[in-house]
Amino acid sequence: MQSLFAFEQCKEANHELALDLIDERFAPDLNSMELQDKPLLKKRNKEARSLFQKTFKSEKEKESEDASVNDAVKEAVAFYQKQTKKDFSYFQKNLPIEVEKINHWYYTVLGLIIALAEAGKVDKKSNQTNFWENRFIKALQQDTAVSAMLLKLNAGWDNDKNTAQGWFRDVVKDDDTVASYAKVSSPTVEEDKSFVKHLLRKLIFGDTVINDFFVERNIRWTEDKDIVKSLVEKTIKSLDESGGIQLQKLSLDWEDDLTFMNILFEETTRIDKNDKDLIAKNTRNWEVDRLPLTDRIIIEMAITELIHFPSIPVKVSINEYIELTKHYSTPKSAKFINGILDVISKELVASGRVKKSGRGLIDNK
């Protein structure tokens with residue numbers, strides 16, 4: 001979703017830059033000693049821009065009788081196509097990299113929990129024995145897989161101990177829940193879990209300078225935060241009586257998910273005119289380009305998934321994109337898109353373009 005949104009913005013920018021090339025081609029040469037025919041240049045510019053826009057929309061249009069106009073349009077089209085192809089390759093290549101970064105932040109937060117406990121251990125003004133003896137934190141410290149991943153992903157806090165100590169002093173230590181936990185005699189496993197969950201939700205991901213730190217270092221933190229939080233909470237929940245934990249994987253089958261991402265990205269960028277017309281017909285005949293960009297991308301992604309992934313039930317796809325709308329669009333958009341996708345999915349099924357196969361997918365349910 002984020003990559004497609006960024007790609008569409010690049011396409012819009014490339015379109016404007018292509019028009020700028022036409023403007024430059026027919027701008028008066030201020031350094032020329034010859035008299036400039038400004039009305040003629042203005043006329044050629046207007047004609048070239050019009051021809052470019054029609055060519056851009058794949059409308060059949062005769063070439064101009066003026067060779068300079070045709071040359072300017074060809075130059076603008078070639079520029080747009082070259083830049084857009086370059087942007088497409090960048091975002092496609094960067095897609096798995098951005099997803100894998102979430103794994104980095106997952107281990108960064110686990111490492112921070114350890115670092116805050118170690119800051120509590122060396123704090124001489126308070127007794128934080130329960131903190132650094134917390135079963136979950138001990139499990140993190142003793143897990144060789146955690147240590148290996150912190151090193152591999154450069155997600156540890158050895159070089160930022162002063163930062164962690166400052167956060168412990170200014171944010172963590174004086175928190176009421178932390179203070180109460182410090183006074184508990186022999187905390188249970190559940191109390192240990194509850195404490196770490198509070199540390200995570202209220203102090204690391206809450207309205208604190210710690211969360212601000214992540215915002216500053218990850219421009220997608222607002223979106224990534226919920227995923228990272230979910231992964232860490234599942235890790236906390238996995239703590240058992242023996243002190244064992246289950247580290248979470250971002251993907252159970254990375255190769256399969258990578259294939260899914262690439263197909264979804266590619267095919268959504270190639271959505272054809274028939275599908276755009278189908279969207280327009282079901283959005284009160286709005287032109288697709290007039291829809292809010294976020295809503296348009298979500299609808300186009302949903303149509304792509306319905307058509308190109310026969311093993312995913314129709315209702316599952318629709319529900320996923322409604323949830324996506326709740327995160328990225330306006331409050332009214334979820335209901336709006338739900339209605340559109342419901343109608344469009346039925347039309348696609350009726351036309352035979354959506355065919356679901358596999359166990360449990362009879363009647364496309």
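The values are calculated or read from the model by the stated rules, or taken from the named source; none is laboratory data. These numbers come from a predicted model, not from an experiment. Backbone-built Cβ (ideal geometry, glycine too); neighbour counts: all protein chains shown.
Before moving on, here are some points about what is shown:
- The one condition in (1) polar (S, T, N, Q); (2) outside any helix (DSSP H, G or I); (3) free of Cβ contacts under 8 Å to residues at least 12 places away in the same chain that ASN127 fails to fulfil: (3)
- Residue in the range 225-237 that is out of contact with any helix residue (DSSP H, G or I) (no Cβ under 9 Å at 6 or more places or on another chain), over 30 Å from LYS57 (Cα atoms) and in a helix (DSSP H, G or I) present: yes
- Here GLU255 meets each of (1) without any contact (Cβ under 8 Å) to a residue 40 or more places away in the chain; (2) under 20 Å from PRO96 (Cβ atoms); (3) assigned to a helix (DSSP H, G or I); (4) assigned by TED's automatic domain parsing to the domain that holds ASP143 with one exception, condition (4).
- Subset of the range 148-190 (residues that are among the polar types (S, T, N, Q) and either touching a residue at least 60 places away in the same chain (Cβ under 8 Å) or assigned to a loop (DSSP other than H, G, I, E, B) (or both)): ASN154, SER185, SER186, THR188
- Restricting attention to the range 215-232, the residues that are buried (at least 19 other Cβ atoms within 10 Å of the Cβ) and either hydroxyl-bearing (Ser, Thr, Tyr) or more than 15 Å from the chain's Cα centre (by Cα) (or both) add up to 2.
- Among (1) over 30 Å from VAL209 (Cα atoms); (2) crowded, with 18+ Cβ neighbours inside 10 Å, the one test that ALA139 misses: (1)
- Residue in the range 282-289 that is in contact with a Phe, Trp or Tyr (Cβ under 9 Å, 6 or more places away or on another chain) and aromatic (Phe, Trp, Tyr) present: no
- In the range 54-73, of all residues being farther than 13 Å from PHE26 by Cα and surrounded by 15 or more Cβ atoms within 10 Å (Cβ to Cβ), the one that is modelled with the lowest pLDDT corresponds to PHE56.
- ILE204 being assigned by TED's automatic domain parsing to the domain that holds ALA164 and either among the aromatic types (Phe, Trp, Tyr) or in contact (Cβ under 8 Å) with a residue 40 or more places away in the chain (or both): yes
- Helices (runs of 4 or more DSSP H) fully within the range 258-329 counting 3 or more residues that are within 15 Å of MET1 (Cα to Cα) and among the acidic types (Asp, Glu): 293-308
- You will find that of GLN9, GLN53, the residue that is in contact with a helix residue (DSSP H, G or I) (Cβ under 8 Å, 6 or more places away or on another chain), closer than 20 Å to GLN81 by Cβ, of a type in the set (S, T, N, Q) and assigned to a helix (DSSP H, G or I) is GLN9 and no other.
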